[in-house]
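The values are calculated or read from the model by the stated rules, or taken from the named source; none is laboratory data. Values in this document were obtained by computation on a predicted structure and should not be read as measured data. So basically every Cβ, Gly included, is an ideal-geometry build from the backbone, and we count neighbours across all protein chains shown. Surface areas here come from the heavy atoms of the whole protein model, side chains and all, with no ligands, DNA or RNA. Shrake-Rupley method; radii C 1.70, N 1.55, O 1.52, S 1.80 Å.
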Amino acid sequence: MNDVREIVTRAILAKGRKKFKLKETVLVNADISSVLGCWIINHNFETELNNKEVVIKGSFENNIWYSADNNSRTDVAKSTTEYSGVIKVKEVLNDNISNHCDVVARILQQPTCTNALITKDGIEIDIVFEVLVEVIGETKMMVNVVNTACPEDELDMLENEINEDFLEGR
């Protein structure tokens, strides 16, 4: 016998992703000879749902290792980059039964320095990262329920077939 049931569950209602490309100039008070390396650390962000888009705000630290004074010494320049952006989401399921939705964001590609250029003001770096967001809310779904329960007599017979003393015979 088949029955149809309505189940309320949480599901992904909308998805979106965006690749961010930022330029940042890090001021350095030295005669820079060359850039030796660049690391992006301590990435923090938060998201907020605003109609059909997700607003993301965050920050991370830039650490640029450079040589100065005709490659006679090295140092690290540090700065913090703050950013904000909008990620448009595409509706996956339009049957939201609640006014409350959650946003789950994942970083697909961590912030990475892709280029560093010495300028008269300091060091200009190009930074890229990618974010995936999912809007999760309550929805309903219809499911077929098939009654596959065994009659209780069959379960009783199964219990009688079990030999509880099987270990003692060894």
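Per-structure values
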item: Accessible area in square angstrom per residue, segment 20-106, 1.4 angstrom probe; result: 66
item: Estimated dipole of segment 1-132 in Debye, rounded to 20 [Cβ of Lys and Arg +1, of Asp and Glu -1, Cα centre]; result: 340
item: Answer label, with volume of the Cα convex hull per residue in Å³ calculated from the coordinates and candidates (1) 145; (2) 119; (3) 217; result: (3)
item: Rounded FRET efficiency, nearest 0.05, which uses the C-beta distance separating T114 from N71 and R0 of 22 Å; result: 0.40
item: Alpha-carbon centroid distance for the pair segment 87-102 / segment 14-71, whole angstrom; result: 30
item: Which listed pairs, of K52/K140; K90/K140; K18/K120; K23/K52, have C-alpha distances above 25 Å, in listed order; result: K18/K120; K23/K52
item: Accessible carbon and sulfur surface of the chain relative to its total accessible area, %, 1.4 Å; result: 46
item: Label-point separation, I41 to E138 (7 Å along Cα→Cβ), nm; result: 4.4
item: Accessible surface of K19 - all protein chains present, 1.4 Å probe, nearest 10 Å²; result: 110
